[in-house]
Amino acid sequence: MWWEAVSETTIERLHWGCGSWRPTGWINADRKEGPGIDISCDIRKGLPLETESIDYVVSIHALPEVPYPDLVPVLGELRRVLKPDGVLRLGLPDVERTIQAYLRKDRSYFPIPDEEAANLGSKFIVHLIWYGYSRTFFTRDFIEELLLKAGFGGVRHCGYKETSTPHPEIVELDNREEESLFVEATK
Ligand SMILES: C[S@@+](CC[C@H](N)C(=O)[O-])C[C@H]1O[C@@H](n2cnc3c(N)ncnc32)[C@H](O)[C@@H]1O
């Protein structure tokens, strides 16, 4: 890599859509309130953060809860708070993997208990809509298109725990490798 890893000590990093997962060393934000959540607000009303104040933002499986008409504005709000060389990293459920698991009849892919949904098709649907919480599904080309519409200048698809940024610790929050896609966008 042409860059040197950036010292993480002075880094401002936002974890948007943290839910019940509130790691230390991050500005944890969610519309929920609770211990360890630093910012509680609906992002659609704007984040109480200065423009160009954040080095990187990571969001894991939160965007699916945003309704379609709000996706580009929400991505635009995340872009607003990024410094000019800032990065947004998203982990999203990959709808292609979910469909493939259904087509190959792989029940083990779906972490849905039989008491909730016993049949393969039932598990597929409950997983896809995540018990009714998910409003939007994602493919790689769909999120890329949305990011570009929101004004991001560059989009890179990456693997689990892989980054093309000078911030090795940006991958710290990656999880659910089997069912997720990961993408990084630069301003
Ligand atoms: C499926 S949970 C994911 C939580 C966590 N990132 C994880 O991977 O376990 C999605 C989170 O996004 C939050 N969220 C959804 N829409 C939001 C919004 N408009 N503003 C702020 N938070 C939102 C929800 O409250 C929820 O905690």
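Observations on the model:
- In this simple spin-label approximation, LYS83 and GLU172 carry label points 7 Å from Cα along the Cα→Cβ vector, and these lie 1.6 nm apart.
- Taking 7 Å steps out from each Cα toward its Cβ at LYS187 and ARG44 produces label points 2.7 nm apart.
- Over all projection directions, the Cα-based convex hull of segment 73-138 averages an area of 5.6 nm².
- Computed from backbone phi with θ = phi - 60° and the Karplus coefficients 6.51, -1.76 and 1.60, the 3J(HN,Hα) list for segment 78-95 is 5, 5, 4, 7, 6, 4, x, 9, x, 9, 9, 10, 10, x, 9, x, 9, 4 Hz; x is used for glycine and proline.
- Ordering of 165-174, 101-110 by packing [mean C-beta count within 10 Å, highest first]: 165-174, 101-110
- Peptides 85-97, 15-27, 44-56 ordered by average Cβ neighbours within 10 Å, highest first: 85-97, 15-27, 44-56
- Semi-axis lengths, largest first, of the ellipsoid equivalent to the chain are 29, 18, 16 Å, with √(5λ) applied to each eigenvalue of the Cα gyration tensor.
- Over segment 115-170, the fraction of Cα-Cα pairs per 10 Å bin, rounded to whole percents and listed from the shortest bin up, is 18, 30, 31, 18, 3.
Here, each number is a calculation from the coordinates, and none is a lab measurement. Computed from a predicted model, the values in this text were never measured in an experiment. A quick note on method: Cβ atoms are made from the backbone with ideal geometry, for glycine too, and the neighbour counts reach across all protein chains shown.
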